[in-house]
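Working notes, beginning with the structure itself.
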Amino acid sequence: MTAQTGRFDGWTAVAVALTGGYLLMIIWPLVLVLINSVAVGGTFALAGFETFFSSRLYYGTLINSILVTVCVTLLSLAIAFPLAYFMTMFRVMGNGMAQVLILASMMSPPFIGAYSWILLLGNNGMITQLVQDVFGFKPPSIYGFVGIVLVLTLQLVPLIFTYLMGAWRTVDVSLLEASESMGITGWRRAVQVITPLLWPTVLGGSLLVFVRAFADFGTPMLIGQGYRTVPVLIYSSFVGEVSIDKSFAAFVAVIVIIVTLAVFLFQKYLVDRQKISMTAMRSIEPKRLTGWRNIAIHAYVYGFLALALAPLIVVVISSFRNTLYGQFVDGYSLRNYVGAQRDIFRYVGNTFSIGLTALAILVVVAILLAYVTVRRRGPLSGTLDTMTMVPYVVPGLIIGIALVTAFSQGPIILTGTFAIMVIALAIRRLPYSARSIAALMHQFNTSIEEAAISLGASKFRTLVQVIVPALAPGILSGAVLSWVTIITELSTTLFLYNTSTQTLSLGIYAQVIRGQLGTAAALSTILLVLTMISLFLLMRLPGGQRALRV
Amino acid sequence: MTAIALRSLRKEYGGQIAIADLDLDIREGEFFTLLGPSGCGKTTLLRMIAGFNSIEAGTISFDGVVINDKPSAARNIGMVFQNYALFPQMTAAKNVAFGLQTRNIGKGESARRVEAALHSVHMDHLKDRLPGALSGGQQQRVALARALVISPALLLMDEPLSNLDAKLRVEMRDTIRQAQREAGITTVYVTHDQEEAMAVSDRIAVMNLGLVQQVGTPAEIYRNPANRFVAEFIGKTNLLERDALQRDGRLVVELGEGVTLDITEVVGKTTDGTMQISVRPEAVRAADSGIQAEVVDETFLGSHSQVRARLSSGETIEFLEFSHRASLWQRGDKVTLQLDTSMLTFFDAEDGVSVMRGASK
């Protein structure tokens, strides 16, 4: 009866188009994976199930994955909690810089960590050889369980750390003063007062770490060797080191999706149940410590920083070392760069062309998605909101498998094209971007939009001329963050590239697998520099630091 | 200038009635205020007129033309919001120019009109500032200029002063009133502040529970409130409960201590029954004769003081004292009070509706 109740306008069309895109690009491919997992040669079969549980070779990977994941989660938490506690409660020299570096180590390409620890502690690693030369024995191997746990822990501590720091910022100093006035101080206060306050954050952060560690592919692939985890099993059954069994790979992928989905739902349930709402009127003033305590907290903070940054430094140094048949030999030069320059130009060119195209599409789609879901509540936008979160729950490797399954045959063939790389990268990042822009729009006052409309502007004009420019700083820093994750993404695109669409991160992976360690180090250095420049840019943007805080 | 007619207007939120069959006429060029406590439906009604809220039933018409289905953008309204709602990335001048831009008005004319609008709210010197660099009062001036510059058919204001401090509020309401008079634009203004409503309005609609309780000029609704709610909401008042009695063909109420009031002439209803009498604080004064009371306390406020006293009936009455006594009354002091009959309003104690002769509906 009125203009509002019908509400079929351009935005409904946008919502329908977005839904269609999602159904085609994500839901349909994932449904295909699901069908493949229980269908062999066109008939329904639980062959995957039987195979998986018939041999320790297969179900063992699940045990391995769970062991790794639990260890990584607990270790990350055990390291991150004191780190956040010290950096909030006490004066730490260079605190700001240290926080930035911790964030930078989180944003660095994940698999470079694994590769770098191989350079340090691998069979021909720098430390391995040093120990062998000086003491005459071989230090314990980095390959396998220990290596995976080490690399993933160092990678994921910053994630929990940023969550914790975010929570700390909401703790009002009066809560601490109140407990002090009741005679509870020091560690008792940390345990009795602070921990319960931070508990929901700790839990939420831990479960995210759990999912990340569980779904990580690059690290166990590079450093795991015989110690195979579930993602590695999926990869090897899909590309077929021994035998290609796509149905089996699909079945294992479904197991992974079930596990991650269960953890996400559990996390959501816990967070919703235990929400503590706090806003700090006065945030905590760090205290100056003296004597051995002061030295101890500095040693802890900088000790962690050294471990977290070591891989990055090692990679950069290694990139200048001379190599022979891919292995490092004595002497330093620019040969790794010069020798691989043609590849380097190709990788860098692809990284930029594919990455920027994906980024542009991502930002536009995320803005439309956020607008439709925030401002146009309805059954359609509700569905859209749920679908947006699908790539958040489904690991990148499985998205890659789904896309390759759906688009390597049948009506639409996209595998190996520029388009599929762009689509995959955009899809992978979409939940994060859409969420952060939606959060910005939630905070944006509706009456500003109403003011524009009352002045005669259409809804579209309001979006383009008022909302987007007003949110531009936030959208821009979100885009830079997305750019960093796009250029360091590996697992999603692993099945989708060919030589003409190979990006830097895919190049590094290929070179490491091929044993070309020198070229890999050079490429890693370039990727690292690119990442650091982007992060530096982000820090300089207004509100950029906030964008990094998860 | 535009006249607005609302007919049997209805709005529901999930089964809850927010506006119930409301009829209202707003005259051309009038400064019309919707006044009421929070949740009374005044903002809902304003947003229905603006086109931001849907209409469940009834019609809204501008100059006789029903605009129910017209989208907000096509209604040619200027709106001023409580939180200013300036576009944060645009300067004051660009904010004001926005509405002209959507109307495809040429650069030269646009610049001239922006200049004039900012001048009328005394903001021309700050036209290149971003909203973030302006104070609340300055932002609201820009918002007012932005709403006025498009020469809207109707100016809508939703609690435009409630985010400002007390002193600025008084200053701003003069600016608003002046700008509205100069432009001669029909204006609908929403507020919960009765003093503000009295100060700016030509007419006021007092609303409660989604219903219009009374429409009238500020003086009318203050002096002759239609019901107990209006009497208590507008200004301060004391409510005394008394039985009306027939005596020698006259209708009288006994106030206390043998003091009776003959209300045959003022009250329209001739039946007897329990009544509530609204006694404004300024209708009470201490005198040599009258009803007996005992002082509870006296608060000195400079120009006058405020006294609370207990009547022999046990009711407490509050009134103003302008005398210059050397010392304040103390608790327990005996006083004699006289009531100004012409300033009293009588309500039916049961339904709270005015029983005054010629009471407005």
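The values are calculated or read from the model by the stated rules, or taken from the named source; none is laboratory data. From a predicted model like this one, the values you see are computed outputs, not experimental measurements. Using ideal geometry, Cβ is built from the backbone for each residue, glycine included, and neighbour counts are taken over all protein chains shown.
Among the residues of region B:1-49, count how many are of a type in the set (Lys, Arg) and crowded, with 22+ Cβ neighbours inside 10 Å.
Residues in region B:1-49 being of a type in the set (Lys, Arg) and crowded, with 22+ Cβ neighbours inside 10 Å: 2 in total.
Going through A:160, A:127, A:66, A:118 one at a time, which residue ends up being more than 27 Å from residue A:190 (Cα to Cα), buried (at least 19 other Cβ atoms within 10 Å of the Cβ) and either among the aromatic types (Phe, Trp, Tyr) or modelled with pLDDT of 80 or more (or both)?
Details: A:160 fails: more than 27 Å from residue A:190 (Cα to Cα); A:127 fails: buried (at least 19 other Cβ atoms within 10 Å of the Cβ); A:66 fails: buried (at least 19 other Cβ atoms within 10 Å of the Cβ).
Residue meeting the stated conditions: A:118.
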Restricted to region B:102-121 and to residues being under 19 Å from residue B:155 (Cα atoms) and more than 9 Å from chain A (Cβ to nearest Cβ), the residue surrounded by the most Cβ atoms within 10 Å (Cβ to Cβ) is B:117
Being more than 19 Å from the chain's Cα centre (by Cα) and either modelled with pLDDT of 90 or more or small (Gly, Ala, Ser) (or both) narrows A:321, A:346, A:335, A:376 down to just A:346
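For region A:438-451, what are the residues that are more than 7 Å from every other protein chain (Cβ to nearest Cβ) and in a helix (DSSP H, G or I)?
If we filter region A:438-451 for residues that are more than 7 Å from every other protein chain (Cβ to nearest Cβ), which is where we start, we get A:438-444, A:446, A:449.
Hits for region A:438-451 are A:438, A:439, A:440, A:441, A:442, A:443, A:446, A:449.
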The condition from (1) more than 27 Å from the chain's Cα centre (by Cα); (2) surrounded by 18 or more Cβ atoms within 10 Å (Cβ to Cβ) that residue A:420 misses is numbered (1)
Out of (1) surrounded by fewer than 21 Cβ atoms within 10 Å (Cβ to Cβ); (2) more than 12 Å from chain B (Cβ to nearest Cβ); (3) not small (Gly, Ala, Ser), the one residue A:425 does not meet is (1)
Residue A:306 vs (1) closer than 30 Å to residue A:121 by Cα; (2) in contact (Cβ under 8 Å) with a residue 60 or more places away in the chain: all pass except (2)
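Which one is modelled with the lowest pLDDT among residues in region A:1-60 that are within 14 Å of chain B (Cβ to nearest Cβ) and either under 20 Å from residue A:257 (Cα atoms) or touching a helix residue (DSSP H, G or I) at 6+ places or on another chain (Cβ under 9 Å) (or both)? Don't jump to the end; show me each part of the working.
Here is the first cut: in region A:1-60, the ones within 14 Å of chain B (Cβ to nearest Cβ) are A:1-11.
Those still in the list that are either under 20 Å from residue A:257 (Cα atoms) or touching a helix residue (DSSP H, G or I) at 6+ places or on another chain (Cβ under 9 Å) (or both) too: A:3, A:9-11.
Details: A:3: 37, A:9: 70, A:10: 76, A:11: 81.
For region A:1-60, the residue satisfying everything is A:3.
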message = Among the residues that make up region B:185-194, is at least one of them over 21 Å from residue B:38 (Cα atoms), in contact with a Leu (Cβ under 9 Å, 6 or more places away or on another chain) and not hydroxyl-bearing (Ser, Thr, Tyr)?
response = yes
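Quick grid of which residues meet (1) more than 30 Å from residue B:192 (Cα to Cα); (2) in a loop (DSSP other than H, G, I, E, B); (3) at pLDDT below 85:
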| position | (1), (2), (3) |
| --- | --- |
| B:236 | no, yes, no |
| B:244 | yes, no, no |
| B:253 | yes, no, no |
| B:265 | yes, yes, yes |
| B:270 | yes, yes, yes |
| B:306 | no, no, no |
| B:309 | no, no, no |
| B:327 | yes, yes, yes |
Of the residues in region B:57-101 that are more than 26 Å from the chain's Cα centre (by Cα) and among the basic types (Lys, Arg), the one that is farthest from the other protein chains (Cβ to nearest Cβ) is B:94
Apart from one, (1) free of Cβ contacts under 8 Å to residues at least 60 places away in the same chain; (2) closer than 23 Å to residue A:506 by Cβ; (3) not β-branched (Val, Ile, Thr) all hold for residue A:324; the odd one out is (2)
Going by what's in this entry, would residue B:212 be described as assigned to a strand (DSSP E or B) and surrounded by 19 or more Cβ atoms within 10 Å (Cβ to Cβ)?
yes
When restricted to B:141, B:146, the only residue closer than 29 Å to residue A:473 by Cβ and within 12 Å of chain A (Cβ to nearest Cβ) is B:146
All-but-one check, residue B:321 against (1) surrounded by fewer than 17 Cβ atoms within 10 Å (Cβ to Cβ); (2) assigned by TED's automatic domain parsing to the domain that holds residue B:260; (3) out of contact with any Pro (no Cβ under 8 Å at 6 or more places or on another chain), failing number (1)
Checked pairs for region A:282-300, first within 12 Å of residue A:92 (Cβ to Cβ), second surrounded by 11 or more Cβ atoms within 10 Å (Cβ to Cβ) and among the β-branched types (Val, Ile, Thr), C-beta under 8 Å and 6 or more apart or across chains, list as A:286/A:88; A:286/A:92; A:289/A:297; A:297/A:92; A:298/A:92
Residue B:36: within 26 Å of residue B:184 (Cα to Cα), within 23 Å of the chain's Cα centre (by Cα) and either more than 7 Å from chain A (Cβ to nearest Cβ) or at pLDDT 90 or above (or both), yes or no? yes
- Query: Taking residue B:27, is it within 29 Å of the chain's Cα centre (by Cα), more than 13 Å from chain A (Cβ to nearest Cβ) and of a type in the set (Lys, Arg)?
  - Reply: yes
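Would you kindly identify the helices (runs of 4 or more DSSP H) lying entirely within region A:140-208 that contain at least 3 residues that are of a type in the set (A, V, I, L, M, F, W, C)? Write out each step before concluding.
Numbers: elements: A:145-168, A:173-181, A:186-189.
It comes to A:145-168, A:173-181.
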